[in-house]
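The values are calculated or read from the model by the stated rules, or taken from the named source; none is laboratory data. As the structure is a prediction and not an experimental result, all values here were calculated from the model. Backbone-built Cβ (ideal geometry, glycine too); neighbour counts: all protein chains shown. Only protein heavy atoms, including side chains, enter the accessible area calculation; ligands, DNA and RNA are left aside. Shrake-Rupley method; radii C 1.70, N 1.55, O 1.52, S 1.80 Å.
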Amino acid sequence: MERDGTDVTAQTAGPAGPAAEETGGTGTSAAAGASPAGAAKASPAGAEAPAKRTKLVSGPGIVLVWLYGVMTVGAASRSVYQIASDFGRAPLAYSLSAVAAVVYVFITYTLVRGGETARKVGLVCCALELVGVLTVGTWTLVDSSAFPDATVWSYYGAGYILIPVALPVTGILWLRKSRALVAATPSV
């Protein structure tokens, strides 16, 4: 994917073939006007070409990006409104909703960005999100008086039809599977 959202794989054809699909973060491709030979000139002699960036936005990854995007907007809108209108009522709950929004932004970005580093960061963020959902969810069950108002993660995300508890598990499974897919793909 290029920064403008166009699919590089759909644009590249001809003698460049699959090797020119994406150049691992340089932002250039055969379709963007750089020839494969031009890309080779930019790297030092004898050095390996950059590895292809792992596409995380395919198949279930598209659904994950969409759901994380929706959750980002929901959590951010909720926290901004609650913090701006009545922060003194439930500062812990409203702050935790803001933290959830930040976590969702990072996960959405890593899924869209792709690449091995983004995949690893996404795994860490999904694991932290899962810990947060389980901690806050359990906390709201054990001591609901600590939360005069609900957070995104209260009662394991019951106010969001339990999507907050399902998303990190699904994200971890997808990111682990995408690693296995990359390992199984022969390098070009």
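A compact table of results
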quantity	calculated
Surface share of carbon and sulfur [accessible, 1.4 angstrom probe, percent] for the stretch 62-163	75
Virtual paramagnetic centre 7 Å along Cα→Cβ of Y109, amide N under 12 Å, in the stretch 161-177	none
Amide H contacts under 5 Å for L56, placed H, 5+ residues apart	G114, G115
Cβ-Cβ FRET estimate between S145 and I83, R0 fixed at 25 Å, reported to 0.05	0.75
Computed label-point distance, nm, for sites V124 and L92 using a 7 Å Cα→Cβ extension	2.8
From phi via Karplus (6.51, -1.76, 1.60), per-residue ³J(HN,Hα) for the stretch 127-139 in Hz, x at Gly/Pro	5, 5, 4, 4, 4, x, 4, 5, 5, 5, x, 5, 4
Most to least packed among 131-137, 142-148 [average Cβ atoms within 10 Å]	131-137, 142-148
